[in-house]
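Below you'll find the structure, written out as structure tokens, and then a few comments.
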Amino acid sequence: MGRTFFWLGLVLAFSVCPAFAEKSADFFKSYQQYNDAGKAFLDKIDPKTGAIDLAEGVHLDLKDKFYFLNKEDTTSVLTEAWDNPPGAASEALGMIFPAKYDPIAENNWGIELRWEKIGYVDDSEAASIDYNELLRNMQADTLSGNDQRAKDGFQPVTLVGWASPPVYDAVNKRLHWAKELQFGDDSIHTLNYDVRFLGREGVFVMSYIATVEQLPEIKQSLDEVLGLAVFNPGKKYVDFRPGVDTVAAVGIGGLIAGKLAAKAGLLAVGLIALKKFGIFLLIPLAGLWRFIRGNRTTS
């Protein structure tokens, strides 16, 4: 198939509580279903469960329901397995996945983790946002970025609409919404379900990467996912000190529209709309599971 897996020499940018770490061969029940190429990919990643401490005072408690992959492993999944551009994981702290799915499973989904140190986000406008108008503006912005995407060698992206409209929890300072995206002429649409946890110094980001068909499962997982992350004391939204701490240049609407990402040029290269189903599903269907699940088919 001409596809080889390789190690990437990236630096781990956060500290992890390594309480529960297992080899992939023991951790993934699906491991023995794969051929040598699939096993080799899983062998080089290091899934961790339990308590994870990330940069900027973010604490995760995954218990045994989810597992965590660090930045290096996340880069491998997003670029090698899911066929995103080389810089797709440049801002990622890592990813989490439900424990029942390995990262190259046919029906899997994952959540990319990022920290955006943009300052304290004033949420006073949240109740007055017209989300229909916001969507129209986002669709226009996405369309205008496609010329640059084509020049950079990437597929155009269509923002189809809300897969789930924005919801802001003013008590717990959590925001979530979902976009339905189409890459080129792909018949399988991509779901980007975004969660934002507002803190004193910025925003902790959880971005689901899945297909639209998985939306019911994603929604079912949402309450549990919202309970995974907390800010440590001193880093919480309520710890903000007016006149001392930095205030973000955007509000709730700007977070949803990705205004800061647009200013940084990320819309042009498509790094804010990660794609699921890449290398493995780009292989002709007749050879797809022969390539990965070699033990189930014969050549």
Restrict the check to the range 129-138 and report whether at least one residue is within 21 Å of the chain's Cα centre (by Cα) and either touching a residue at least 40 places away in the same chain (Cβ under 8 Å) or over 21 Å from Ala163 (Cβ atoms) (or both).
-> yes
Asp83 vs. criteria on the phi > 0 side of the Ramachandran plot and in a loop (DSSP other than H, G, I, E, B) | yes
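Quick grid of which residues meet (1) surrounded by fewer than 21 Cβ atoms within 10 Å (Cβ to Cβ); (2) over 16 Å from the mean Cα position of the chain (by Cα); (3) under 18 Å from Asn84 (Cα atoms); (4) among the β-branched types (Val, Ile, Thr):
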position: Leu175; (1), (2), (3), (4): no, no, no, no
position: Gly184; (1), (2), (3), (4): yes, yes, yes, no
position: Ile188; (1), (2), (3), (4): yes, yes, yes, yes
position: Phe197; (1), (2), (3), (4): no, no, no, no
position: Thr211; (1), (2), (3), (4): yes, no, yes, yes
position: Lys219; (1), (2), (3), (4): yes, no, no, no
Please give the number of the condition Thr142 fails out of (1) surrounded by fewer than 17 Cβ atoms within 10 Å (Cβ to Cβ); (2) touching a strand residue (DSSP E or B) at 6+ places or on another chain (Cβ under 6 Å); (3) of a type in the set (Ser, Thr, Tyr).
-> (1)
Qualifying residues in the range 70-107 (those that are under 12 Å from the mean Cα position of the chain (by Cα) and under 17 Å from Gly50 (Cβ atoms)) - the one surrounded by the fewest Cβ atoms within 10 Å (Cβ to Cβ) | Phe97
For the range 108-120, state whether one or more residues are touching a residue at least 24 places away in the same chain (Cβ under 8 Å) and over 19 Å from the mean Cα position of the chain (by Cα).
-> yes
Identify the residue in the range 1-33 that is modelled with pLDDT of 90 or more and hydroxyl-bearing (Ser, Thr, Tyr) and, among all such residues, is nearest to Leu93 (Cα to Cα).
-> Ser24
Can you pull out the residues in the range 185-238 that are within 18 Å of Gly119 (Cβ to Cβ) and of a type in the set (Lys, Arg)?
-> Arg196, Arg200, Lys235, Lys236
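The values are calculated or read from the model by the stated rules, or taken from the named source; none is laboratory data. None of these values were measured; they are calculated from a predicted model. Counting neighbours? That spans all protein chains shown, and the Cβs are built from the backbone with ideal geometry, glycine included.
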